[in-house]
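J.: Sharing a structure, written as C-alpha cells. Questions coming.
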C-alpha cells in the first residue's frame, strides 16, 4: 500500500513568508506535515513541492517526523546541560567565596531568604552566615566540594556533595568531612541563588 500527498492550502492563521527561497521552502515543509494522505498503489512515499524548481521531491513522512523529534529533543537536552553547568559554576563560585572571604560574591550568590544549616544543628540566615565568614568565625585553609550530583526540577536545583575542608579554629587546623545538601533557585534574570543548605555528618 502506498502514500501520495495532496497539497493542502495554507492555514489562514499562518501565511507563507516572503523573501528568500529557503524561508519559503521551510514553510512548505511545515505545511507538508499537515497534508492529508490517501492510500494508493502508485507510490510508497509522500511528495513535498519543491519551490526551487517546481518539481516534486520524494520524502518519507517517518523520516521527516523523526527529524523534528531529534531537533526538539536535542534542544531540550542542550538546555538541561547548560542549566546544570550554570548551577555547578554557581556552587564553585560560592565555595571559592567562602574560602577566600569574598564578601561581595557571597552577598551576590545568597538569596535574601537563605536558610543555612550546619551539621551541628545551628541554622543561620543570610546575614549570620556571611558575618561568620567575614569575621573569621568560619574560616578555611582548604575547601572543596567532592562527588557532586545536581538534580534539576524546573527553576530549582538540588545539589548533593561532600564538603571536604581544613577548617581554621584559632591556631588549630581541624579536618572537616561532612555531607552537604544545597538548594538553588533560578531567578527571573537567569541567575541562580542559594536558598537553602543543610550539612550533616555521615
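The values are calculated or read from the model by the stated rules, or taken from the named source; none is laboratory data. Since the structure is predicted, the reported quantities are computational estimates derived from the model, not experimental observations. Neighbour counts are summed over all protein chains in view; Cβ atoms, including those assigned to glycine, are modelled from backbone coordinates with ideal geometry.
Listed here are the residues, each with its yes/no results for (1) on the phi > 0 side of the Ramachandran plot; (2) part of a loop (DSSP other than H, G, I, E, B); (3) in contact with a strand residue (DSSP E or B) (Cβ under 9 Å, 6 or more places away or on another chain).
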residue: 120; (1), (2), (3): no, yes, yes
residue: 151; (1), (2), (3): no, no, yes
residue: 158; (1), (2), (3): no, no, yes
residue: 177; (1), (2), (3): no, no, yes
residue: 189; (1), (2), (3): no, yes, no
residue: 196; (1), (2), (3): no, no, yes
residue: 199; (1), (2), (3): no, no, yes
residue: 202; (1), (2), (3): no, yes, yes
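J.: Return the only residue of 171, 131 being out of contact with any helix residue (DSSP H, G or I) (no Cβ under 9 Å at 6 or more places or on another chain) and at pLDDT 95 or above.
T.: Answer to the selection: 131.
J.: Please find, among 180, 122, the residue that is modelled with pLDDT of 95 or more, more than 27 Å from the chain's Cα centre (by Cα) and assigned by TED's automatic domain parsing to the domain that holds residue 86.
T.: Numbers: 180 fails: more than 27 Å from the chain's Cα centre (by Cα).
Only one candidate qualifies: 122.
J.: Sticking with this structure for a sec: For residue 167, which of the numbered conditions (1) surrounded by fewer than 13 Cβ atoms within 10 Å (Cβ to Cβ); (2) not in a loop (DSSP other than H, G, I, E, B) fails to hold?
T.: Here residue 167 meets the rest and fails (1).
J.: I would also like to ask the following. When residues of region 143-153 are filtered for being loosely packed, with under 13 Cβ neighbours inside 10 Å and touching a residue at least 12 places away in the same chain (Cβ under 8 Å), how many remain?
T.: Adding up the residues that qualify gives 3.
J.: I need the full set of residues from region 122-131 which are assigned to a helix (DSSP H, G or I), free of Cβ contacts under 8 Å to residues at least 24 places away in the same chain and surrounded by 17 or more Cβ atoms within 10 Å (Cβ to Cβ), in order please.
T.: So the first thing to find is which residues in region 122-131 are assigned to a helix (DSSP H, G or I), and the list is 126-131.
In the following step, the residues that additionally are free of Cβ contacts under 8 Å to residues at least 24 places away in the same chain were identified as 126-129, 131.
Listed by number, the residues that qualify are 126, 129.
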